[in-house]
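Everything below concerns the one structure shown next.
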Amino acid sequence: MTWYIVRRFLQMIPVFLGATLLVYFLVFSLPGDATAAICGDRGCTPAVVAGLREQYNLDEPFFVQYLLYLKGVLTFDLGTNFSGRPIATIIAEVFPTTAKLALMALVLEAVFGIVFGLVAGLRKGKLFDSSVLVLSLVVIAVPIFVLGFLMQFLIGVKLQWTNPTVSGDATFTELLLPAVVLGLVSFAYVLRLTRTSIIENVNADYVRTATAKGLSRKRVVVVHVLRNSLIPVVTFLGADLGALMGGAIVTEGIFNVNGVGNTLYRAVLNGDGPMVVSIVTFLILIFVLANLLVDLLYAWLDPRIRYA
Amino acid sequence: MRYTRSSTMLSVAAIAVLALSACGSDTDSSSDGGGGGDTEAVIVVDGSEPQNPLIPTSTNEVGGGAILDLVFAGLVSYDADGKSQNEVAESIETEDAQNYTITLKEGKTFTNGDPVTASSFVDAWNYGAAAKNAQLSSYFFESIEGYDEASAEGSTVETMSGLEVVDDQTFTVKLAQPESDWPLRLGYSAFYPLPAVAFEDTAAFGENPIGNGPYMFASDGAWQHNQQIELVPNDEYEGPQEAQNGGITFKIYQNDTTAYQDLVSDNLDVLKTIPTSDIKNFKNDLGERSIESPYAGNQTIAIPYYLPNWDGEAGKLRRQALSMAINRDEITEVIFSNGREPAKEFTAPVLDGFNPDLPGSENLEFNPDEAKKLWEQAEELEPYDESEPLTIGYNADKGDHKTWVEAVVNNIKNNLDIEISGKPYATFKEARTDATDEKLTGALRSGWQADYPSLYNFLGPIYATGAGSNDARYSNPDFDEKLTEGLAADSVEEGNEMMNEAQEMILEDLPAIPLWYQVAQGGWSNNVDGVEFGWNGVPLYYAITGK
């Protein structure tokens, strides 16, 4: 088990190198000169452009730029973005906010998705089942920004239960509404996954055995049916954490959350290579870690799975 | 003595006045007493994240500019109408429009206690111009003698020979050539003074700038990046922009739509740009709390002369035809709900010297028949190369340009019956790179917002030969000469006349097709009063009071 975890961590090294190289190359090949974004409408004098190119290593060929960046990373210096701010500082500012938002969304979608899915699965074809199925279909079908603006308008502007936007402090109550919006679509998927999985498993042999043994209905459902049904759901949730962290651009934009998605979006527009690569690398690491966690959870959920 | 009803009232009023003036620091000007606004309220306004450290010469965008304009005070400042008024300057004197003697007012200080002296200006300007500091706004000093040496690529010269400190309160400026409108520029942020501490660690200074303006940073670290910037009044400041409120907090928004939701729910006090999606209904939503105020900015379409169809005599006729095929009145009314004004020339109506009736302005009027005729004349001279149909480029990342570009395209298509289409660029930098490298394959939209209130600012930097923003690569020696003459004129008025004579040439040649003038559309919450927009479309933050 320990060796398995060590091996998984060692595997992260080539993933890190490959991902940074690829992302750096993609940003490098974006059309347009990065100094043009810095100089704005009026443009700069050629001397200023030359100075900027030197400052950000833009006058070097691609591989030299990449190696300089890599050297910085290995010496714990991520460099500065095009506004002259240390990238490490920016990441330290925005990651906690987005992590908080993503975790809140994840918990909401997991709890409500699994509970609703369980109930719907057990009462297949009943009124509750049909109505949550319709509801989840609507949530999946409507684009996220429509839901976002709608909920912001109703709850933030009309009812004034909460502020329409999130302040710099990003408190729990402020993040609740964006977290609901962010988690809504995944909630619908979790619900449907759980429901299908439950329906499959209630008729399985081991469930019949458990019932025949005289176990209480509650114990059969929670320990035997639900636990075994959670494997596809956990796989989905693990992958979803990565998506929630990096994919919150729309939600963060609507609620003005100063998070990873917004920062990444601006950096891409400005062609700010080191900034984009640093953020994406962090996201990749989180993604890989979340997947490791999912794999370890499999063994706990299903004792037949063993790692060596 | 017996108290009468009225004397009780009087004493209550007197106590109230005392209480107000006691907490109102030293705001003894009479103007704020009459309005009855709360001068202690902290006003929350929308802002955007400054893209660079807050050093005057390295800030070239509106997000940082709005902060600098409150934290610093230059030699002059501009009032709501764009009239220049002395700020730190006691006097700016010249006899030949080339040699200036600038005297400063006594007793002005930065908020760290340092006096504002002649060196504060001279050192800041030299820093801004020197190539080794790579300051984005360095070209603002180009008129000063010695700029070329200091700003040349790789130059190690750190001072401009045209600047000389006489004593603490006086310095002289020698320009490379006479320019009568030069003093007008001195209110722009690039010309702000810097205290000595700024040069010790510019990066740290850019995080927590120390200025001499009507406001200062609330504390070290008041700039919470991408979240907000908190400013409080500077009690030492005396001048035309004295704060009428208890502070300005810039809340930073990623997009206007979100800011608008905060405005209508009273979580934001002032919004300076109504998002496109709410242009149609913001007057209904806000009623009395909305404003439309023209400012010194315009929108044009530049057509490069290096494109085959658009050069020479035939090119000129085609440019005129295009211009006359665009129905500016209809587009500004339908698309912008009259939030733009159809252009009559190349500058903006709020400027001194603006003249809507210049000869040639008929080229900017909608006239489809004449347009068709001109196009046919061009065809006779030189047939249109249809393998390269015209495109109108715009950047799709910021601002909603697609809608109006499509409208202009349809106008031209319908009235001239030619192939033409819009060309979106994914990012602004992509469009700018093509323009700088002369790789444009069609026309490019271009918005210009004035740095300082002068006709020249709309002409020189865009249409003079070799100018930095001359996307069309227009070159006309007569035009250049007229501009130089206008700058050298004895007075700004006389200069303006020559600027307008220069405009007549480009109204004929149309290196770019002027479309419309910008109008600021903004609104404010139920909590504030006295919101007014300045000549540059930015609210006069210092004059806003609470309710």
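The values are calculated or read from the model by the stated rules, or taken from the named source; none is laboratory data. These figures come from a predicted structure and were not determined experimentally. Every residue, glycine among them, receives a Cβ derived from its backbone with ideal geometry; neighbour counts consider all protein chains shown.
Taken residue by residue, region A:168-176 has no member that is out of contact with any helix residue (DSSP H, G or I) (no Cβ under 6 Å at 6 or more places or on another chain), more than 30 Å from B:Trp223 (Cβ to Cβ) and either away from every other protein chain (no Cβ under 14 Å) or surrounded by fewer than 22 Cβ atoms within 10 Å (Cβ to Cβ) (or both). Would you say B:Glu370 is away from chain A (no Cβ under 14 Å), over 30 Å from B:Ser48 (Cα atoms) and surrounded by fewer than 16 Cβ atoms within 10 Å (Cβ to Cβ)? When the stated conditions are applied, B:Glu370 does not pass them.
Which of the residues that make up region B:263-286 are of a type outside the set (Ser, Thr, Tyr) and without any contact (Cβ under 8 Å) to a residue 12 or more places away in the chain? Before the answer, list the steps.
First pass over region B:263-286, keeping only residues of a type outside the set (Ser, Thr, Tyr): B:263-264, B:266-272, B:274-275, B:278-286.
Correct list: B:Asn281, B:Lys283, B:Asn284.
Under 22 Å from the mean Cα position of the chain (by Cα) and either at pLDDT below 85 or more than 7 Å from every other protein chain (Cβ to nearest Cβ) (or both): does that describe A:Leu30? No: the conditions fail for A:Leu30. Taken over region B:125-165, residues that are more than 26 Å from A:Ala50 (Cβ to Cβ) and either surrounded by 19 or more Cβ atoms within 10 Å (Cβ to Cβ) or touching a helix residue (DSSP H, G or I) at 6+ places or on another chain (Cβ under 7 Å) (or both) amount to 1. Pairs meeting the criteria (first residue in region A:110-130 and farther than 16 Å from A:Asn203 by Cα, second residue hydroxyl-bearing (Ser, Thr, Tyr) and crowded, with 17+ Cβ neighbours inside 10 Å, beta carbons under 7 Å, at least 6 apart or on different chains) are A:Gly113/A:Thr194; A:Ile114/A:Thr194; A:Gly117/A:Thr194.
When you look at B:Val409, is it more than 14 Å from chain A (Cβ to nearest Cβ), crowded, with 20+ Cβ neighbours inside 10 Å and not aromatic (Phe, Trp, Tyr), yes or no? In short, no.
Rundown of residues vs (1) within 14 Å of another protein chain (Cβ to nearest Cβ); (2) surrounded by fewer than 21 Cβ atoms within 10 Å (Cβ to Cβ); (3) of a type in the set (Val, Ile, Thr); (4) under 30 Å from B:Asn99 (Cα atoms), yes/no style:
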{"residue": "B:Gln449", "(1), (2), (3), (4)": "yes, yes, no, yes"}
{"residue": "B:Tyr452", "(1), (2), (3), (4)": "yes, no, no, yes"}
{"residue": "B:Tyr456", "(1), (2), (3), (4)": "no, no, no, yes"}
{"residue": "B:Glu481", "(1), (2), (3), (4)": "no, yes, no, yes"}
{"residue": "B:Ala489", "(1), (2), (3), (4)": "no, yes, no, yes"}
{"residue": "B:Leu510", "(1), (2), (3), (4)": "no, no, no, no"}
{"residue": "B:Asn527", "(1), (2), (3), (4)": "no, yes, no, no"}
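Reported count of residues in region B:106-116, each being closer than 15 Å to B:Phe72 by Cβ and part of a loop (DSSP other than H, G, I, E, B), is 6.
Would you point out which residue out of A:Thr35, A:Thr20 is crowded, with 19+ Cβ neighbours inside 10 Å, over 20 Å from B:Ala203 (Cβ atoms) and more than 7 Å from chain B (Cβ to nearest Cβ)?
Working: A:Thr35 fails: over 20 Å from B:Ala203 (Cβ atoms).
Sole residue among the options that is crowded, with 19+ Cβ neighbours inside 10 Å, over 20 Å from B:Ala203 (Cβ atoms) and more than 7 Å from chain B (Cβ to nearest Cβ): A:Thr20.
On the given criteria, is B:Ala431 away from chain A (no Cβ under 14 Å), farther than 23 Å from B:Tyr188 by Cβ, more than 20 Å from the chain's Cα centre (by Cα) and of a type in the set (A, V, I, L, M)? No. Looking across region B:41-64, the residues that are buried (at least 21 other Cβ atoms within 10 Å of the Cβ) and among the small types (Gly, Ala, Ser) come down to B:Gly47, B:Ser58, B:Gly64.
Restricting to region B:458-471, name every residue that is within 14 Å of chain A (Cβ to nearest Cβ), outside any helix (DSSP H, G or I) and not charged (D, E, K, R). Answer for region B:458-471, where residues must be within 14 Å of chain A (Cβ to nearest Cβ), outside any helix (DSSP H, G or I) and not charged (D, E, K, R): B:Ala464, B:Gly466, B:Ala467, B:Gly468, B:Ser469, B:Asn470. The condition of being at positive phi and not basic (Lys, Arg) holds for only one of B:Asn281, B:Asn327, B:Asn355, B:Asn338, that being B:Asn338. Of the set (1) among the β-branched types (Val, Ile, Thr); (2) closer than 23 Å to A:Val27 by Cβ; (3) at pLDDT 90 or above; (4) surrounded by fewer than 18 Cβ atoms within 10 Å (Cβ to Cβ), all apply to A:Ile87 but (4). Looking across region B:507-547, just one residue is acidic (Asp, Glu) and in a loop (DSSP other than H, G, I, E, B), and that is B:Glu532. For region A:43-60, which positions are touching an Asp or Glu at 6+ places or on another chain (Cβ under 8 Å) and at the interface with another protein chain (Cβ under 7 Å from one of its Cβ atoms)? Result: A:Pro46, A:Ala47, A:Ala50.
If you check A:Phe282 against the conditions, is it away from chain B (no Cβ under 14 Å) and either under 27 Å from A:Ser29 (Cα atoms) or of a type in the set (A, V, I, L, M) (or both)? So A:Phe282 fits the description; yes.
The numbered conditions (1) within 11 Å of another protein chain (Cβ to nearest Cβ); (2) under 21 Å from B:Ala520 (Cβ atoms); (3) surrounded by fewer than 24 Cβ atoms within 10 Å (Cβ to Cβ); (4) touching a Gly at 6+ places or on another chain (Cβ under 7 Å) are all true for B:Ala203 except (2).
Criterion first (touching a helix residue (DSSP H, G or I) at 6+ places or on another chain (Cβ under 7 Å), more than 30 Å from B:Lys251 (Cβ to Cβ) and of a type outside the set (Ser, Thr, Tyr)) does A:Ala120 satisfy it? The answer is yes for A:Ala120. Look at (1) within 14 Å of chain B (Cβ to nearest Cβ); (2) under 22 Å from the mean Cα position of the chain (by Cα); (3) not polar (S, T, N, Q) and you find that A:Pro143 fails only one, number (1). When you look at B:Asn338, is it closer than 27 Å to B:Val62 by Cβ and polar (S, T, N, Q), yes or no? Considered against the rule, which asks whether it is closer than 27 Å to B:Val62 by Cβ and polar (S, T, N, Q), B:Asn338 comes out as yes.
Evaluation of B:Leu263 against the conditions (1) surrounded by 18 or more Cβ atoms within 10 Å (Cβ to Cβ); (2) under 21 Å from the mean Cα position of the chain (by Cα) shows that the sole unmet condition is (2). Scoring B:Leu358 on the criteria (1) surrounded by 21 or more Cβ atoms within 10 Å (Cβ to Cβ); (2) touching an Asp or Glu at 6+ places or on another chain (Cβ under 7 Å); (3) more than 24 Å from A:Asp33 (Cα to Cα) leaves a single failure, condition (1).
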